[in-house]
Amino acid sequence: MDELDRLMDILDTPHMSGAHPYPGLISKQVHSGRYFFGDLDVRTDGADLTVNFAGREDCSPDFHLVRSGFRYHAFEYIASGRWCLRVNGQEQVLEPGAVFGYTPATRFELQALDSSDLIKYFVDFSGRRAGPLLDRCRIVDGSPVYLGAPHRIREMLDQLLDCAASSPAIAAEMAAHLTGFLLLRIREEAGASRHPASSGNNAYLRCRRYVEHHFASLRTVEAIADACHLDPSYMCRLFREHCGETPYQLLIRLKMNHAAELLVLNHDSVKAAAHAVCFDDPYHFSRVFKRTFGLAPRLFVRRILEHRELGSVRQR
């Protein structure tokens, strides 16, 4: 009997009086898995956020989970394969990139539809902020969404599972911070589209990737729309629907972040930093920089250097 089989015998007990107090955490319909075990007790001592259990599971074709009255708040991320989610009388087919959440009050079913390559992640958590954080993501009670940048979520989920290699106290703190960050990322990435195959969602993702790769040389929304073969007004509407901001706001944020790196790390002049992000007028650049960070470029650099020097003094 391998380690996963032993864990299943302990944790996949039936819902009956006198059974193990943590039933159904690992299904016997899981081929292989990788897990992070935290404190399995639900935290009621005022803790902000505690990760109780998390994992990555490769499931069998007969996987069928029926869950009601679960102990924790949770979310699951579909990494590969097709699945059927039934909750609140609604039935939806989930494909890779989908994420859905549930609370102790949610009853749902998750069933595999494919014959192979059925991989999903999950995070179970509790604490004072568990409910509010999950609510803001808009993924509970039968409302799965597809993420605009699913690779980021998967990378962070793998980092969370890596916490198992750290000492228990450090692992618990790291896992809590990563889960809070994951929920914020899900909240940001969750678009209005409910299916990855929608033309609007695909167009939005294509435009966003283009801006992220070419922001330094781009100047206008029209240039973005032209490169992506879209009408500018339609593209702006897609951005507002999927991420709550305009493509110009994204463009400026990326430009100013890059300019800040050049000013602080490369010690570039304001004129050089402005030129690097396609601002011909350094004064215009400085005004936009101040609107973004609240400080003019030179004062911003001075403040960063002051904090860096104070930090080095304290370390001595």
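Quick note: the coordinates plus some simple rules give every number you see, no bench work behind them. Quick caveat: nothing in here was measured; it's all calculated off a predicted structure. Cβ placement follows ideal geometry from the backbone for every residue including glycine, while neighbour counts extend to all protein chains displayed.
Tally Lys/Arg at +1 and Asp/Glu at -1 over every other residue whose Cβ is under 9 Å from the Cβ of A112; what's the total? Walk me through the numbers on the way to the answer.
On the way: positive: R82; negative: D62, D114.
Here the charged neighbours net out to -1.
List the residues whose amide H sits under 5 Å from the amide H of Y77, counting only those 5 or more places along or on another chain, with H placed 1.01 Å from N in the peptide plane.
Y121, F122
May I ask you to derive the FRET efficiency for S115 and R136 from their Cβ-Cβ distance with R0 = 25 Å, giving the value to the nearest 0.05?
0.10
Starting from the 7 Å offset along Cα-to-Cβ, what nm value, one decimal, do you get for the label separation of C84 and R253?
So the label points at C84 and R253 sit 3.9 nm apart.
Per the Cauchy relation, a quarter of the hull surface: what is the mean projected area of the convex hull of the alpha carbons in segment 199-312, in nm²? The partial results should precede the final answer.
Working: hull surface 31.0 nm².
Averaging across all directions leaves 7.7 nm² for the Cα convex hull.
Spin-label point model (7 Å from Cα, Cβ direction): what's the R107 to A296 distance in nm?
Simple spin-label model gives 6.5 nm for this pair.
Specify which residue in the list V87, L134, L110 is farthest towards the positive end of the charge dipole of segment 67-135, using unit charges on the beta carbon of Lys, Arg (+1) and Asp, Glu (-1), about the Cα centre.
Of the options given, the answer is L134.
Most exposed first by the Cβ proxy, i.e. fewest other Cβ within 10 Å, how do F75, F300 rank?
The order, fewest Cβ neighbours first, is F300, F75.
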